[in-house]
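Every number here is computed from the coordinates shown, using simple stated rules; none is lab data. This structure is a prediction, so every number in the text was calculated from the model and none was measured. All Cβ positions, glycine included, derive from the backbone under ideal geometry; neighbour counts span all protein chains shown.
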Amino acid sequence: MTKNTRMTKQRKAILRVLKNTESHPTADWIYEQVKKEIPNISLGTVYRNLNVLSELGKIQILDYGSTYSRYDGNPKNHYHFRCEKCGRVYDIHIDLFDDINKIVNEKTAFQVNEHRLEFTGLCPICQNEN
Ligand code: ZN
Ligand code: MN
């Protein structure tokens, strides 16, 4: 199997847009931003390149089931908080990965490699509106 892992102009532009935001945007938002630089790019091309960038380990796809996928320019494992009211997705800067893996390793028969954990509730902006 040959796969194109070259960093094309389009792929670089998509990665740059994603690295420069902390909003965990949708593909549509990324598409609108990249279009300013590459007007003839298509939404399909953006989706395709986002998938390749994820396979290359350069970005993360955050899958929230029924809602749109969101994309994260930080490929390293970290936690997220999703606001139930406005839908914004925030980074949670608490590093418990090793601790939680260790606890499950020690207390169960499973050998843990990774885990996923997502927080939900009200973000500070929505709390202030209440
Ligand atoms: Zn909110
Ligand atoms: Mn993130």
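Tabulated results
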quantity	calculated
Qualifying residue in region 29-40 (condition: closer than 28 Å to Asn113 by Cα and more than 16 Å from ligand 1 (Cβ to nearest atom))	no
Filtered residues of region 101-130 (kept if among the hydrophobic types (A, V, I, L, M, F, W, C), in a helix (DSSP H, G or I) and under 25 Å from Arg70 (Cα atoms))	Ile125, Cys126
Filtered residues of region 13-63 (kept if buried (at least 19 other Cβ atoms within 10 Å of the Cβ), part of a loop (DSSP other than H, G, I, E, B) and touching a helix residue (DSSP H, G or I) at 6+ places or on another chain (Cβ under 8 Å))	Pro25, Ile59
Filtered residue count, region 45-88, keeping only those that are acidic (Asp, Glu) and within 10 Å of ligand 2 (Cβ to nearest atom)	1
